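Visitor: Structure below; questions to follow.
Readers should treat all values here as calculations from the given coordinates under stated rules, not as data from a laboratory. Everything quoted here is computed from the prediction, not taken from an experiment. Cβ atoms come from the backbone with ideal geometry, glycine included; neighbour counts cover every protein chain shown.
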Amino acid sequence: MQYQTEPKEKFTVVTFLDTNLSSNLVPELASLTTKIASAPPKNLVLNLKNVTHWDLPVIEQLANAQQSYYDNNTSFVICCLSDGLQEVLDLTEYAELLNMTPTETEAWDIVQMEEIERELLDSDDFEFSNQE
């Protein structure tokens, strides 16, 4: 699996260079998402602009990875799906679960908003605990 990583201040962008994400790539994909989650910046944006085909096990792995990220208070956003990828996704139960945006810029915005939301929730918890 070929990909390019681009670390930003609050997230890492991974752009896949392969056009086909087949099921045999699931272990490598799981390893990649786990590795990124373990070192700052822990938020992840997956750019699929080059991908024209993906298998169901890949979609399942991405859904599992996204849940793991959110369980750990980090963001996971997929962007730039082609119409073909969207059509395959729409046939699955994952279409409503995955956090997706049409463009990478919108994915960045989602990560930034979720970061602010987490900071606000943390400060609310702090204020609430100080009032007791």
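Visitor: Stick to Cα atoms and the Kirkwood definition of Rh, then tell me Rg/Rh for the chain. Don't skip to the answer; put the middle values down first.
Guide: Details: Rg = 15.7 Å, Rh = 15.4 Å.
Rg/Rh: 1.02.
Visitor: Rounded to the nearest 0.05, what FRET efficiency do Ser23 and Leu120 have when you use their Cβ-Cβ distance and R0 = 30 Å?
Guide: Values: r = 40 Å, r/R0 = 1.32.
According to the calculation, E is roughly 0.15.
Visitor: Restricting the count to DSSP beta bridges whose residues both fall in region 3-131, what percent are antiparallel, rounded to a multiple of 5? It would help to have the intermediate numbers written out before the result.
Guide: Working: 5 of 18 bridges.
Antiparallel: roughly 30 percent of the beta bridges in region 3-131.
Visitor: Kindly provide the helix-only [θ] at 222 nm of the chain, computed as the sum of -39,500 (n - 2.57) over DSSP H runs of four or more divided by all residues, to the nearest 500 deg cm²/dmol? Show your work: numbers first, answer last.
Guide: Values: 4 runs with 64 residues, N = 132.
Only helices count here, giving -16000 deg cm²/dmol.
Visitor: Taking H as built 1.01 Å from N, whose amide H comes closer than 5 Å to the amide H of Trp54, not counting residues under 5 places away?
Guide: Amide H neighbours of Trp54, under 5 Å, 5+ apart: Leu21.
Visitor: Let me ask something else. Nothing charged except the Cβ atoms of Lys and Arg (+1) and of Asp and Glu (-1): what's the magnitude of the dipole of the chain about its Cα centre? Round to the nearest 20 debye. Each step should come with its number before you reach the end.
Guide: On the way: 6 positive and 24 negative charges, 136 e Å.
About 660 debye.
Visitor: In addition: Mind sorting Met113, Met100, Met1 by how few other Cβ atoms lie within 10 Å of their own Cβ, fewest first?
Guide: Met113, Met1, Met100
Visitor: Okay, moving on. Mind sorting Glu117, Glu60, Glu104, Glu96 by how few other Cβ atoms lie within 10 Å of their own Cβ, fewest first? Numbers along the way, then the final one.
Guide: Working: Glu117 11, Glu60 15, Glu104 18, Glu96 8.
In order of increasing Cβ crowding within 10 Å: Glu96, Glu117, Glu60, Glu104.
Visitor: Just name one of Leu48, Asn73, Thr105: the one whose Cα is farthest towards the positive end of the charge dipole of the chain (beta-carbon charges, Lys/Arg +1, Asp/Glu -1).
Guide: The residue sitting most towards the positive pole is Leu48.
Visitor: Now, a different point. What are the ³J(HN,Hα) couplings of region 32-42, residue after residue, when phi is run through the Karplus curve with 6.51, -1.76, 1.60 and θ = phi - 60°? Round to Hz, x for glycine and proline.
Guide: 4, 5, 5, 4, 5, 5, 8, 9, x, x, 7
Visitor: Also: Per residue of region 79-95, what does 6.51 cos²θ - 1.76 cosθ + 1.60 with θ = phi - 60° give for ³J(HN,Hα)? Whole Hz please, x for Gly and Pro, Karplus curve as stated.
Guide: With coefficients 6.51, -1.76 and 1.60, one gets 9, 6, 6, 6, 4, x, 5, 4, 4, 5, 4, 4, 7, 10, 7, 8, 4 Hz.
Visitor: Something else about it: Please compute the contact order of the chain in relative form: average sequence separation of alpha-carbon pairs under 8 Å and at least six residues apart, divided by the residue count, as a percent.
Guide: Values: 201 pairs, mean separation 29.0, N = 132.
Relative contact order, the chain: 22 percent.
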